[in-house]
């Protein structure tokens with residue numbers, strides 16, 4: 001991995017590569033080594049309790065899990081397959097329907113066998129009010145457990161093998 005790696009590009013490839021995150025419209029706002037912010041635009045099907053106007057907790061879990069995993073991917077020396085060992089989510093208040101959500105995560109500790117990440121989620125209409133906080137632990141597997149082309153798939157830019165210029 002080089003220092004000039006475009007982490008936002010890599011994280012966008014990661015998010016767009018999964019059907020459920022692509023379908024929800026989850027987007028990467030910023031990404032640097034070990035620090036990622038994502039935004040989830042409001043979708044009516046995120047509602048979990050229509051009578052009280054609340055977002056389903058599974059949506060919050062999906063955002064925080066995706067965010068924390070992505071933060072690990074771009075926070076190590078090179079991307080590794082790092083399965084979730086534990087993801088604890090503390091819910092502080094309900095998310096309200098009709099508002100986009102934003103979440104940020106940072107790596108707080110890395111050892112030879114575990115990476116730990118902390119994430120926070122809020123809604124754009126009330127950024128000072130934390131909706132949920134996550135702490136995740138991710139296993140660092142032996143190098144042979146990560147496919148040899150994983151880094152290229154995550155970080156590599158597509159190449160064009162044909163000429164796109166028009167000819168008259």
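Taking the conditions (1) assigned to a strand (DSSP E or B); (2) in contact with a strand residue (DSSP E or B) (Cβ under 6 Å, 6 or more places away or on another chain) in turn, residue 94 satisfies each one other than (1).
Does residue 120 satisfy the condition of being under 19 Å from residue 32 (Cβ atoms), part of a strand (DSSP E or B) and either modelled with pLDDT of 95 or more or out of contact with any helix residue (DSSP H, G or I) (no Cβ under 7 Å at 6 or more places or on another chain) (or both)? Yes: the conditions hold for residue 120.
Taken over region 43-63, residues that are touching a residue at least 12 places away in the same chain (Cβ under 8 Å), farther than 11 Å from residue 94 by Cβ and in contact with a strand residue (DSSP E or B) (Cβ under 8 Å, 6 or more places away or on another chain) amount to 5.
For residues that are surrounded by 15 or more Cβ atoms within 10 Å (Cβ to Cβ) and either touching a helix residue (DSSP H, G or I) at 6+ places or on another chain (Cβ under 9 Å) or not in a strand (DSSP E or B) (or both), tally how many sit in region 48-70. Counting residues in region 48-70 that are surrounded by 15 or more Cβ atoms within 10 Å (Cβ to Cβ) and either touching a helix residue (DSSP H, G or I) at 6+ places or on another chain (Cβ under 9 Å) or not in a strand (DSSP E or B) (or both) gives 16. Condition first: in contact with a helix residue (DSSP H, G or I) (Cβ under 6 Å, 6 or more places away or on another chain) and outside any loop (DSSP other than H, G, I, E, B). Can you find one or more residues in region 71-85 that meet it? No: zero hits. Looking at 25, 34, 48, 112, which one is at pLDDT below 95 and within 14 Å of the chain's Cα centre (by Cα)? None of the others qualify; the one that does is 34.
The values are calculated or read from the model by the stated rules, or taken from the named source; none is laboratory data. The structure presented is a predicted model; accordingly, all values stated were derived computationally and were not measured. Don't worry about glycine lacking a Cβ; one is built from the backbone with ideal geometry, like all the others, and counts go over all protein chains shown.
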